[in-house]
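Down below is the structure, laid out as structure tokens.
Read-outs throughout are calculated quantities, based only on the coordinates presented, and are distinct from any laboratory measurement. Keep in mind that this is a model prediction, so the values were computed, not measured. Heads up, the Cβs are rebuilt from the backbone with ideal geometry, glycines too, and the neighbour counts pull from every protein chain shown.
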Amino acid sequence: MADFTSDKYKITIDSDPTYRFGSADNINDYDLIHFPESEFRFTSVYGIKVFKDEVLIKSAVIGADGGATGIYENSAIIESDRLVICCSDSIFCLSIPDLNLIWKTKADIFTCFEIFKRQDNYIVHGELEITMIDRNGKVLWRQSGADIFVTPDGRDSFIMTDEYILATDWENNKYKFDFNGQIIS
């Protein structure tokens, strides 16, 4: 479980892998469900709760296909009016505090690991793609490499500076992108 705070709210995000649409056996109930009914289990399902002054005011569950993701420091961005979060192959944008779905964008073929704010846009570190999405969920550009953007030791596979993005793939190839998606070295 991860706790985040906005200027007015506390937001908890917790993995809920056993949640099934319409099942009486669900451990948690949610006010809103942001995934289609399916006979298959989603690889990642997250329960999201918004609290104000320790009182639960809204809850939602999101889920998506693709590779499994976890909840880490860079898995979500909290803004005053929205939560932008990685979930499997997609990025979800939910309004705060009511958790209505503003948009959902598939940002990687398999898995979205991290998301970062860059001016009014978002940069997504995915397994196979580095993607820039605008505030409305539109993909502005995406780049891929020769292999997955993960290193065998799990370190330094993605670095974002004020001037560029440095991504390293499994074979230790390094890709330096500018913020227009162009390879600069």
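All C-alpha to C-alpha distances of the range 2-106, sorted into 5 Å bins beginning at zero, yield P(r) values of 2, 13, 26, 27, 20, 9, 3, 0 percent in whole numbers.
Put in order of Cβ neighbour count within 10 Å, fewest first, the listed residues T69, T151 become T151, T69. Which of D98, D162, D108 moves most in a GNM of the chain, Cα contacts under 10 Å? Result for the chain, Cα springs under 10 Å: D162 fluctuates most. Among the listed pairs K49/K174; K10/K117; K10/K176; K52/K138; K52/K106, those whose Cα-Cα separation exceeds 28 Å are K49/K174; K10/K176; K52/K138; K52/K106. Along the charge dipole of the range 2-106, pointing to its positive end and built from +1/-1 on Cβ of Lys, Arg, Asp and Glu, which listed residue (I33, S88, S59) has its Cα farthest out? Farthest towards the positive pole: S88. When the chain is treated as a GNM, springs tying every alpha-carbon pair under 10 Å, which of I148, I27, I109 comes out with the largest mean-square fluctuation? Comparing I148, I27, I109 in a Gaussian network model of the chain, the most mobile one is I27. Relative contact order for the range 2-106: 23 percent, from Cα pairs under 8 Å spaced at least 6 residues apart, divided by residue count. Which parts of the range 11-45 would a label at W103 reach, counting a residue when its backbone N lies under 19 Å from a point 7 Å out along Cα-to-Cβ? What the label zone holds, given the 19 Å backbone N cut-off, is 34-35.
By other beta-carbon atoms within 10 Å, ranking M1, M160 with the fewest at the front produces M1, M160.
Once the Cβ-Cβ distance between D81 and A146 is put in as r, and R0 is 41 Å, what FRET efficiency do you end up with, to the nearest 0.05? Working shown, then result.
Numbers: r = 39 Å, r/R0 = 0.95.
It comes to 0.55.
Relative contact order, whole percent, for the chain stands at 12, derived from Cα pairs under 8 Å and 6 or more residues apart.
Placing a pseudo-label 7 Å from each Cα along the Cα-to-Cβ vector at I183 and D153 gives an inter-label distance of 2.5 nm.
GNM remark for the chain: springs join alpha carbons under 10 Å apart, and the peak mean-square fluctuation among I57, I33, I115 falls on I57. Scanning the chain for cysteines with no neighbouring cysteine C-beta under 4.7 angstrom from their C-beta gives C87, C93.
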